[in-house]
Amino acid sequence: MPHLQHLYASSAAPVCLIAAPHLYASSAHLYASSAHLYASSQHLYTSSAHLYTSSQHLYASSQHLYASSAHLYASSAHLYTSSAHLYASSAHLYTSSQHLYASSAHLYTSSQHLYASSQHPVHLAAAPCAPPHRNWYH
């Protein structure tokens, strides 16, 4: 322990002994501050990880929403095309039914005329008979 005795004996010893408690308090404060900074950085890391996870979920949800809206758009376009085809087909069917109705009305009228004609027999005028050939019996 001669070294400690030398410390007490030197003129710098009182300065070192006085500064030691202040240095200890400063280091304790620095340690507490660094611990608080470490805890804050951990909290910040946890918060940023949570924010990153949330943003990933949000991105995945937006992609799913985009895919769903694209599918909905495609389905509505297909439905529109199908309804347009159905409309065209129904218009064609309507036109065909009008033609069929007109044809059946014409056929009905023709059959009425034919029936009326069959009720009134046509009398053919008697054709003049040619005189027999003079030598028809030869």
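Values in this text are rule-based calculations from the coordinates and carry no lab data. Since the structure is predicted, the reported quantities are computational estimates derived from the model, not experimental observations. Glycine gets a Cβ as well: all are built from the backbone with ideal geometry, and neighbour counts include every protein chain shown.
The table below gives the values:
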{"read-out": "Added length on full extension, which subtracts the Cα-Cα distance from 0.36 nm per residue, GLN119 to TYR31", "value": "18.9 nm"}
{"read-out": "Estimated FRET transfer efficiency when R0 is 41 angstrom, pair ALA102-ALA60 (beta carbons, to 0.05)", "value": "0.05"}
{"read-out": "Quotient of C-alpha Rg and 2.2 N^0.38 Å, computed over the range 11-118", "value": "3.49"}
{"read-out": "Stretchable slack from TYR52 to SER76, in nm (0.36 nm times residue separation minus alpha-carbon distance)", "value": "5.1 nm"}
